[in-house]
């Protein structure tokens, strides 16, 4: 079973203590697809942590952590499978020349918020075998002007997925597939394909 490193996000406990978190839904998505999830706290020795993993997930959050960009560049250079979710996708876009801008109409609580249009020559299309899916949406920023391949757009023209087809798996999605796998098999296909590529 492949070991999947999940980059933790800093947060606060109920008592106000600094903590690092991994979202349970991401762990469950990994476990349900025969992977072993472990949380990674990136410090200066991030390469050693990454090297023990078969693939890496950059989960959502409010802001990049200190070593996120350096770690992602290292992962990209050694061709280790990487899956970016929400902020993780924006991290991928930023690494490749993108810029983040604020928007005010994509942060919603519903199970399905809007449609995503997938380009039929993309790896994302190969995985999902659909040119349109409906997704959730909980982000207040989007990425623009990245040199990564844009593989999906929202109906209002914002980037919803990026990828690099020259890598084993280097895909980022703007939505939260981990929260949808119980009721939408499209999202589970992403985790299944990712973990297959980590073996």
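No lab work stands behind these numbers, since they all come straight from the coordinates. Note that the coordinates shown come from a computational prediction; the quantities given were computed from them, not determined experimentally. Virtual Cβ from ideal backbone geometry, glycine too; neighbours counted across all protein chains shown.
The table below lists the values:
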read-out: Whole-Å semi-axes of the chain's equivalent ellipsoid (Cα gyration tensor); value: 23, 19, 18
read-out: For the range 45-120, the Rg and Dmax computed from alpha carbons only, in angstrom; value: 14.4, 40
read-out: The range 105-175 - Debye-derived log10 I(q)/I(0), Cα point model, q = 0.17, 0.21, 0.22 Å⁻¹; value: -0.59, -0.88, -0.95
read-out: Order by protection proxy (mean Cβ within 10 Å, highest first), peptides 171-181, 19-29, 51-61; value: 171-181, 51-61, 19-29
read-out: Cα-based equivalent ellipsoid, the range 135-194: semi-axes from gyration tensor eigenvalues, Å; value: 19, 17, 8
read-out: Within the chain, helix-based [θ] at 222 nm, where runs of 4 or more DSSP H residues each add -39,500 (n - 2.57), nearest 500; value: -7500 deg cm²/dmol
read-out: Two-site label geometry, residue 103 and residue 120: point separation in nm, points 7 Å out along Cα→Cβ; value: 2.4 nm
read-out: DSSP beta bridge pairing in the chain, given as percent antiparallel to the nearest 5; value: 60 percent
read-out: Average Cα contact separation per residue, the chain, under 8 Å, 6 or more apart, as relative contact order %; value: 22 percent
